[in-house]
Amino acid sequence: MLKTSKEAEDIAQEVFYKLIKNPPHEDNIQRWLITVAKNLAINYLKSQKRISMGEKYLLCSQTPQDEIEILQVKI
């Protein structure tokens, strides 16, 4: 679901943090873990999409001189 193993590890760490901080009140912990992991991954992907779209907007709204300066910074 996620692009890198680093992202998956971060989500997994957050899932277990939530498990320790606030344990579920249900018998099926495996189902709870899967649901929480899926929801966190979806939320992460949505937030990344918003960030990506915001970066595109910023690049499109700048003057040509600004774009040259951005390219110089990236190099």
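The values are calculated or read from the model by the stated rules, or taken from the named source; none is laboratory data. Since we're looking at a predicted model, the values are computed, not measured. Glycine gets a Cβ as well: all are built from the backbone with ideal geometry, and neighbour counts include every protein chain shown.
Numbers at a glance
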{"item": "Enumeration of residues in the range 13-30 that are free of Cβ contacts under 8 Å to residues at least 12 places away in the same chain and either outside any helix (DSSP H, G or I) or closer than 17 Å to Met1 by Cβ (or both)", "result": "Gln13, Asn22, Pro23, Pro24, His25, Glu26, Asp27, Asn28"}
{"item": "Matching entry among Lys6, Lys38, Lys18, Lys74 (being among the basic types (Lys, Arg) and at pLDDT below 90)", "result": "Lys74"}
{"item": "Residue count for the range 11-34, restricted to those that are more than 25 Å from Ser47 (Cα to Cα) and either of a type in the set (Val, Ile, Thr) or touching a His at 6+ places or on another chain (Cβ under 6 Å) (or both)", "result": "1"}
{"item": "Condition met for Lys49 (within 17 Å of the chain's Cα centre (by Cα) and either modelled with pLDDT of 90 or more or loosely packed, with under 13 Cβ neighbours inside 10 Å (or both))", "result": "yes"}
